[in-house]
Amino acid sequence: MCGIVGYCGKEQAAPILLEGLSKLEYRGYDSAGIAVRNEDGNPEIVKAKGRLHILAEKTNFGKSMKGTYGIGHTRWATHGEPSVENAHPHVTDDFNVVGVHNGIIENYRELKDKLIRKGYTFYSDTDTEVAIKTIDYYYKKYTHDPIEALAKTMVRVRGSYALAVIFRDCPNKVYVARKDSPLVIGVTDDASYCASDVPALLEHTRNIYYINDLEMAEMSAEGTVFYNLDGDTVAKEPVLIDWDTTAAERGGYEHFMIKEIHEQPKAVADTLNAFIVKSEDGKNYNIDLSESTLTDEFLKDISNIYLVACGSTYHAGVTAQYVIEQLTGIPVRCELASEFRYRDLPFCDNSLVIAVSQSGETADTLAALRLAKNAGVKTLGVVNVVGSSIAREADCVLYTVAGPEIAVATTKAYSSQLIVLDILAIKLALLKGTIDGERATHLIDELFTIPDKIKSILDDKERLQWFASKVAAQKDVFFIGRGIDYAVCLEGSLKLKEITYIHSEAYAAGELKHGTISLIEDGLLVISVLTQSSLFEKTLSNLVEVKSRGAYTMALTTFGNYSIEDTANFVTYVPRIDDLFAASLAIVPLQLLSYYVSVARGLDVDKPRNLAKSVTVE
C-alpha cells in the first residue's frame with residue numbers, strides 16, 4: 001500500500017521521482033505528491049488527488065521543479081479522505097521538515113495532542129503529518145541531528161512506518177527510517193535512490209540494500225550510510241537484483257495482468273528448475289533445497305504444519321493443505337494470518353509454521369511468523385522477493401521464481417507458490433517414507449508438464465473471451481467445488497470480485513443444502529469446478545441441483561468429461577494431470593474469465609479500486 005520514492009544525485013530530481021512513482025502505481029493509491037528542495041533550501045511541494053498523470057501534468061512532467069534531491073509518494077487513504085490536503089508530502093509550519101510515510105501511526109492522537117500543547121498546528125487529518133511534526137519537535141529540542149531526531153521519534157511512535165524525510169538544514173540529503181513497512185535503497189556512483197519496492201529502482205541500479213526494522217539511513221549523491229536505533233553505523237552488503245527490466249513493463253500487452261497470465265508457463269518452469277535437478281538421462285530427479293538452507297534434518301521430524309497467509313496466497317495454502325496431507329499424512333492447518341496472529345494457539349511438538357507471501361512484507365503474515373518464532377516453533381518462509389522481511393526473519397526460506405508481478409490481482413506469483421508447496425509436499429513425503437521413489441518420479445514428471453499444459457489453455461482463450469462478454473452484466477456469481485476444486489473456487493471467486501466488482505462467493509459444493517441454495521434464482525451464474533476424478537459425480541449432482549432451480553451454469557473440467565455438456569450451459573476444459581496438481585491448470589481459465597469480464601465492463605484491470613498490491617498495514 002502506498003509508494004515512496006527518494007532521490008539524491010546530480011540530475012533534476014522531479015522527473016526521476018515521477019518515473020519511480022509510476023513504477024509503484026500497482027501498489028494502490030488515491031493521491032500523489034512530490035517535494036524537491038531547490039538551491040536556496042526552500043521546498044517546492046506539488047500534490048494532486050487522483051491518478052499520477054494529474055501530478056505529472058501539474059509539474060510539466062517534473063521539468064518545472066528545480067532541485068537535485070527530493071521525495072515522492074502515492075497515498076492510499078487510511079486517516080482522512082483522499083484529498084490534496086491529506087496527500088503527501090507533509091511539511092512543518094516553517095518548512096523545516098518535509099516527509100512522506102507508509103504505514104499507520106497507532107498513537108497519533110496522543111502525539112498530536114502533545115504537539116498541540118507545544119504550539120504546533122495541523123492542516124490535515126493524517127497520522128503522517130503528526131509523524132513529520134514529531135520529528136521536527138525532537139530535531140529542534142535536541143541537537144539538530146536528523147538521525148537522532150528520527151531515532152527519538154521511532155522510540156516514541158507505535159505502529160508501522162517507512163519514512164523518507166528532508167531537512168532544510170541538511171541540503172542534498174534524504175533521511176529514511178523503517179519499521180514493518182518495506183523500503184529499499186539503491187546506490188550508483190553518483191546517486192542514491194530509495195523506494196517501497198525494487199521495480200522503482202531497476203532503471204537506475206541493480207545494487208539494492210534492504211533496511212531492517214528500526215534502522216535508518218542517510219542518503220546523498222556520495223552514497224548511503226546506515227544506522228541502528230542507537231545512532232551507530234551499520235555495515236550492509238547490497239543484493240544484486242537479476243530481474244530483467246522488461247519484466248516490469250507491459251511489453252505490448254494491454255494490461256500487466258494479461259501479460260502475467262501469459263508469463264505463468266515460464267514462472268512455473270523457472271520455479272521447478274530452481275529446486276529440481278534432473279539426471280543426465282532425464283529419468284531421475286533430485287529435489288535440492290540446499291540453497292534455501294532447508295535441510296532434511298530440519299524437515300524429517302515435522303509432525304504438524306500450519307500454513308499462514310492472506311488473500312490469494314491463503315488459497316494456495318488451502319490447495320497445499322490437501323496435497324501435503326494426502327502425500328505425507330502430516331496434519332496441516334491453513335490459517336488466515338490475520339486471525340492466526342490473534343489466537344492463543346497451543347502449538348504441537350515438532351510443528352512447522354509456513355508463512356507464504358508474494359512480497360514477503362505482508363503485515364499480518366509477518367506478525368504471524370513472529371508469533372511462531374516467539375513460541376519457539378520452526379518457521380519457513382515462501383516468498384517471491386529476495387531479502388524481504390519474511391525471508392530474513394524465517395528460519396529457512398524457499399523463493400518462488402515468478403519475477404516482478406505488477407498487476408494488483410496476482411496470477412503468476414500464485415501459480416509459483418502452488419509449485420513450491422507441491423515440491424515441498426513431495427520432499428516431505430519422501431522423508432516420511434509415505435511415497436517411494438517411483439511415485440515421486442511420477443509426480444515430478446507431472447509437475448514438469450504444467451508449463452506446456454498452461455500454454456495449451458492460453459491458446460484457447462478466445463472461447464473464454466466470448467463467454468465473458470455474455471456474463472459481464474452479472475451482479476452475483478457463485479463458485480462450487482469439492483476438495484482441491486473448492487480451493488480453486490476460492491481463488492477464482494476472489495479474482496472475479498477483485499477486478500470486476502461483481503459480488504462473488506465460493507462454496508464447498510456439499511454445503512449448498514445448508515443454506516446457500518436458497519439464493520439460487522433464474523439467470524444466476526454458477527461456476528462449477530470438477531477436476532477431481534473421485535469427486536466428479538458428487539459435484540456434478542450439485543450442478544444439476546442449481547441448474548434445476550434456474551441457474552445459468554458454467555463447468556470447468558478436464559478433457560474426456562464430455563458428458564457434462566448435457567448439464568452445463570458452457571464448458572471449458574483443461575488437460576488431464578494428476579488430481580493433486582489440477583489447481584495449477586484449473587485456475588488459468590478463471591483468471592482469463594475475470595480479466596475479460598473486467599475489460600468488457602470497461603474497468604481498470606491492473607489497479608482495481610480500494611486495493612493495493614502489497615498490504616503492509618493491518
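Tell me yes or no: at least one residue of region 74-88 is open to solvent by less than 10 Å² (accessible area, probe 1.4 Å) and over 25 Å from the mean Cα position of the chain (by Cα). Yes: one or more hits.
Look at region 288-317: where a residue is more than 20 Å from residue 582 (Cβ to Cβ) and of a type in the set (Asp, Glu) and a partner is assigned to a loop (DSSP other than H, G, I, E, B) and open to solvent by 20 Å² or more (accessible area, probe 1.4 Å), sitting 6+ places away or on another chain with Cβ atoms under 6 Å, you get 301/350. For region 75-92, a tally of residues being modelled with pLDDT of 90 or more and either within 19 Å of residue 7 (Cβ to Cβ) or not β-branched (Val, Ile, Thr) (or both) returns 3. Only one of the numbered conditions (1) without any contact (Cβ under 8 Å) to a residue 60 or more places away in the chain; (2) buried (at least 24 other Cβ atoms within 10 Å of the Cβ); (3) among the hydrophobic types (A, V, I, L, M, F, W, C) is violated by residue 336, and that is (2). If the condition is being open to solvent by 10 Å² or more (accessible area, probe 1.4 Å), acidic (Asp, Glu) and touching a residue at least 60 places away in the same chain (Cβ under 8 Å), then region 461-499 contributes only 498. List every residue pair whose Cβ atoms sit under 7 Å apart, with the two residues 6 or more apart in sequence or on different chains, where the first one lies in region 540-554 and is in contact (Cβ under 8 Å) with a residue 40 or more places away in the chain and of a type in the set (A, V, I, L, M, F, W, C) and the second, anywhere, is outside any helix (DSSP H, G or I) and open to solvent by 40 Å² or more (accessible area, probe 1.4 Å). Sorted first by the residue in region 540-554, then by its partner, the pairs are 554/569.
Quick grid of which residues meet (1) in a strand (DSSP E or B); (2) free of Cβ contacts under 8 Å to residues at least 24 places away in the same chain; (3) closer than 26 Å to residue 363 by Cβ:
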{"residue": "6", "(1), (2), (3)": "yes, no, yes"}
{"residue": "21", "(1), (2), (3)": "no, no, yes"}
{"residue": "36", "(1), (2), (3)": "yes, no, no"}
{"residue": "46", "(1), (2), (3)": "yes, yes, no"}
{"residue": "57", "(1), (2), (3)": "no, yes, no"}
{"residue": "70", "(1), (2), (3)": "yes, no, no"}
{"residue": "93", "(1), (2), (3)": "no, no, no"}
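Regarding residue 63, is this residue surrounded by fewer than 16 Cβ atoms within 10 Å (Cβ to Cβ), touching a residue at least 12 places away in the same chain (Cβ under 8 Å) and part of a helix (DSSP H, G or I)?
no
All of (1) modelled with pLDDT of 90 or more; (2) touching a helix residue (DSSP H, G or I) at 6+ places or on another chain (Cβ under 6 Å) hold for residue 199 with one exception: (1). Evaluation of residue 14 against the conditions (1) in a loop (DSSP other than H, G, I, E, B); (2) surrounded by 19 or more Cβ atoms within 10 Å (Cβ to Cβ); (3) at pLDDT 90 or above shows that the sole unmet condition is (1). Evaluating residue 77 against the criteria (1) assigned to a loop (DSSP other than H, G, I, E, B); (2) without any contact (Cβ under 8 Å) to a residue 24 or more places away in the chain; (3) within 15 Å of residue 100 (Cα to Cα); (4) of a type outside the set (Ser, Thr, Tyr) leaves one unmet condition, (2). Among the residues of this structure, residue 362 counts as one that is of a type outside the set (A, V, I, L, M), under 19 Å from residue 421 (Cβ atoms) and open to solvent by 20 Å² or more (accessible area, probe 1.4 Å).
Restricting attention to region 264-302 and to residues that are part of a helix (DSSP H, G or I) and among the aliphatic types (A, V, I, L, M), the residue that is most open to solvent (accessible area, probe 1.4 Å) turns out to be 274. If you check 30, 40 for being over 30 Å from the mean Cα position of the chain (by Cα) and surrounded by fewer than 24 Cβ atoms within 10 Å (Cβ to Cβ), only one passes: 40.
Residue 382 passes every criterion in (1) touching a Leu at 6+ places or on another chain (Cβ under 8 Å); (2) surrounded by fewer than 20 Cβ atoms within 10 Å (Cβ to Cβ); (3) of a type in the set (A, V, I, L, M, F, W, C) apart from (2). Scanning region 168-185 for residues that are surrounded by fewer than 23 Cβ atoms within 10 Å (Cβ to Cβ), on the phi < 0 side of the Ramachandran plot and in contact with a strand residue (DSSP E or B) (Cβ under 7 Å, 6 or more places away or on another chain) gives 171, 173, 179. Give 330, 261 a once-over and let me know the one that is farther than 30 Å from residue 499 by Cα and either at pLDDT 90 or above or surrounded by 20 or more Cβ atoms within 10 Å (Cβ to Cβ) (or both). On inspection, the qualifying residue turns out to be 330. One residue stands out among those in region 525-578 that are open to solvent by 70 Å² or more (accessible area, probe 1.4 Å) and within 21 Å of residue 591 (Cα to Cα): the one that is farthest from the chain's Cα centre (by Cα), which is 569. Checking each residue in region 227-255 for being at pLDDT 90 or above, among the hydrophobic types (A, V, I, L, M, F, W, C), surrounded by 12 or more Cβ atoms within 10 Å (Cβ to Cβ) and out of contact with any helix residue (DSSP H, G or I) (no Cβ under 8 Å at 6 or more places or on another chain) picks out only 234. In the set 493, 469, 416, only one residue is within 21 Å of residue 542 (Cα to Cα) and of a type in the set (S, T, N, Q); that residue is 493.
To keep it simple, each residue is scored yes or no on (1) within 18 Å of residue 398 (Cα to Cα); (2) out of contact with any strand residue (DSSP E or B) (no Cβ under 7 Å at 6 or more places or on another chain).
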site	(1), (2)
287	yes, no
290	yes, yes
314	yes, no
320	yes, no
323	yes, yes
328	no, yes
332	no, no
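A residue that is surrounded by fewer than 20 Cβ atoms within 10 Å (Cβ to Cβ) and of a type in the set (A, V, I, L, M) occurs somewhere in region 196-215.
The values are calculated or read from the model by the stated rules, or taken from the named source; none is laboratory data. Please read these numbers as outputs of a predicted model, since none were measured by experiment. Backbone-built Cβ (ideal geometry, glycine too); neighbour counts: all protein chains shown. Each accessible area value is taken on the protein alone, full model and side chains, heavy atoms only, with ligands, DNA and RNA left out. Shrake-Rupley method; radii C 1.70, N 1.55, O 1.52, S 1.80 Å.
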